[in-house]
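Trainee: Here it is: the structure, laid out below.
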């Protein structure tokens, strides 16, 4: 059985997006030493941050011999981890990704770096926001094949279609975590033409407690006003209207240390073609 289609959220705030980069623990002293040993005698390079690669000699000088403010013997026996920057997938070429330009550094266990790009529960919440996947907006229309000028088209979704979606993000060995929750709150309809009316007039259909939207069409409702729907005022005459249906999701989060807050609402939209015909009359 095929899985239902899902998609990512687009923030309603065009000026907000999750951070392009942050720091997190990547290697223990033992893991770093083992990695450098494998690098020795080869022509290979390894990342010391997301933008810089080193050969084995530089790693040995800095992390084994302690040169240039480095470390002795990979800090073996110390409690902690070596940290390095992480760049959000798909944003490797962003200028903002260069803000995390420190080479791999040591951080004592149970502490986080004193750095503006250090991870916090809010940073993890934003990261989780980026990983949220919500169901596609597959609305039901009646009539399905063609709408009729000046007669309402009913729009609805069965109950249970839209439920809260939760994504948890945590950093091992730090105690930092956050859980981001997306709650569906409204369906917005854009008819695809100015020659149409929406129900309600705002085009925003609230999502019911059971996850349904609107009311299913039943025989005899053709001339009734739907709680969620559209009335087209002219026919398409060949080219269908592009009906856009978008779900708004409210975003909240909670995290370690009692931290909590909200992030900008997200939307996910789909489109479908709607053909509209004139009412046919017969003269006798």
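The values are calculated or read from the model by the stated rules, or taken from the named source; none is laboratory data. Because the structure is predicted, anything quoted here is derived from the model rather than measured. Don't worry about glycine lacking a Cβ; one is built from the backbone with ideal geometry, like all the others, and counts go over all protein chains shown.
Trainee: If you take the residues in the range 258-274 that are modelled with pLDDT of 95 or more and in contact with a strand residue (DSSP E or B) (Cβ under 9 Å, 6 or more places away or on another chain), which one is farthest from residue 203 (Cα to Cα)?
Mentor: Within the range 258-274, the match that is farthest from residue 203 (Cα to Cα) is 259.
Trainee: Could you check the range 193-213 and list, in sequence order, the residues that are in contact (Cβ under 8 Å) with a residue 40 or more places away in the chain and over 26 Å from the mean Cα position of the chain (by Cα)?
Mentor: Across the range 193-213, the qualifying residues are 193, 196, 199.
Trainee: Counting only residues that are within 27 Å of residue 254 (Cα to Cα) and outside the structural domain of residue 258 (by TED's automatic domain parsing), give me the strands (runs of 3 or more DSSP E) lying completely in the range 24-130 with at least 1 of them.
Mentor: Fully inside the range 24-130 and qualifying: 80-87, 105-108.
Trainee: Quick one: in the range 42-57, of everything that is loosely packed, with under 12 Cβ neighbours inside 10 Å and touching a helix residue (DSSP H, G or I) at 6+ places or on another chain (Cβ under 9 Å), which residue is nearest to residue 169 (Cα to Cα)?
Mentor: Checking each candidate, the answer is 44.
Trainee: Only one of (1) without any contact (Cβ under 8 Å) to a residue 12 or more places away in the chain; (2) under 21 Å from residue 260 (Cα atoms) fails for residue 125. Which number is that?
Mentor: (1)
Trainee: Within the range 199-283, considering only strands (runs of 3 or more DSSP E) that don't extend past its boundaries, which have at least 3 residues that are crowded, with 16+ Cβ neighbours inside 10 Å and touching a helix residue (DSSP H, G or I) at 6+ places or on another chain (Cβ under 8 Å)?
Mentor: 241-255
Trainee: Quick check on my filter: what residues within the range 64-85 are touching a strand residue (DSSP E or B) at 6+ places or on another chain (Cβ under 8 Å) and without any contact (Cβ under 8 Å) to a residue 60 or more places away in the chain?
Mentor: 64, 65, 66, 71, 72, 75, 78, 79, 80, 82
Trainee: To continue, here is another question. Going by what's in this entry, would residue 39 be described as out of contact with any helix residue (DSSP H, G or I) (no Cβ under 9 Å at 6 or more places or on another chain) and either modelled with pLDDT of 95 or more or surrounded by fewer than 13 Cβ atoms within 10 Å (Cβ to Cβ) (or both)?
Mentor: no
Trainee: Considering the range 1-15 alone, what residues qualify as being within 17 Å of residue 91 (Cα to Cα), out of contact with any helix residue (DSSP H, G or I) (no Cβ under 9 Å at 6 or more places or on another chain) and not in a strand (DSSP E or B)?
Mentor: Hits for the range 1-15 are 14, 15.
Trainee: Oh, and also: Can you find a residue in the range 131-147 that is under 30 Å from residue 113 (Cβ atoms) and surrounded by fewer than 20 Cβ atoms within 10 Å (Cβ to Cβ)?
Mentor: yes
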